[in-house]
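A quick write-up on the structure given underneath.
The values are calculated or read from the model by the stated rules, or taken from the named source; none is laboratory data. What you are looking at is a predicted structure, and each value in this text was computed from that prediction instead of being measured. Don't worry about glycine lacking a Cβ; one is built from the backbone with ideal geometry, like all the others, and counts go over all protein chains shown. These accessible areas exclude ligands, DNA and RNA; they are computed on the full protein's heavy atoms, side chains included. Shrake-Rupley method; radii C 1.70, N 1.55, O 1.52, S 1.80 Å.
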Amino acid sequence: MDETVGPNVLAPRRILEALTPTESAHAIKWRAASWVRVAQIERVARAGAGATVRLSHPLNYGLKRQVQEFILTYRYNGRGRRTSVACAHVDGVTYRLPQDWETIVDTITPATVDA
């Protein structure tokens, strides 16, 4: 199987950089979408822990709770790889962003370091 048969998962940077040129319209479109996703993920990674992440629109949690700002933190998966997680703590409750949340980020404000 190759990218001309319709992969439905976006590729990471290391895969995209290894690909050879193509003429397939579908493959070109898929590669462009993958590069956009890579840029979104890298934008978040550059912000660093403690950064404030503001979404383009609030997310609904339950019937009456909407959250639009989250604080970026990191966690490690079972294989030792670092992944970014954004959480909001509102009224003693922690809200996590859904998977692929990088696609709905409006602004990222890096954490300030007190001197």
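When you scan segment 23-36, do you find a residue that is modelled with pLDDT of 85 or more, of a type outside the set (S, T, Y) and in a loop (DSSP other than H, G, I, E, B), even just one?
Yes, there is a match, as at least one residue in segment 23-36 is modelled with pLDDT of 85 or more, of a type outside the set (S, T, Y) and in a loop (DSSP other than H, G, I, E, B).
Of the conditions (1) modelled with pLDDT under 80; (2) closer than 28 Å to A33 by Cα; (3) of a type in the set (G, A, S), A115 fails just one. Which one is it?
In the conditions (1) modelled with pLDDT under 80; (2) closer than 28 Å to A33 by Cα; (3) of a type in the set (G, A, S), A115 misses (2) alone.
I need every pair where a residue in segment 57-80 that is under 19 Å from E42 (Cα atoms) and open to solvent by 50 Å² or more (accessible area, probe 1.4 Å) has its Cβ under 9 Å from the Cβ of a residue that is of a type in the set (V, I, T) and not in a strand (DSSP E or B), sequence separation at least 6 or different chains.
Matching pairs, first to second residue: none at all.
Out of (1) exposed (fewer than 14 other Cβ atoms within 10 Å of the Cβ); (2) assigned to a helix (DSSP H, G or I); (3) at pLDDT 90 or above; (4) of a type outside the set (F, W, Y), the odd one out for T20 is which?
(2)
Matching residues to (1) of a type outside the set (K, R); (2) in contact with a Ser or Thr (Cβ under 9 Å, 6 or more places away or on another chain):
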position: A11; (1), (2): yes, yes
position: T22; (1), (2): yes, yes
position: K29; (1), (2): no, no
position: L59; (1), (2): yes, no
position: Q66; (1), (2): yes, no
position: I71; (1), (2): yes, yes
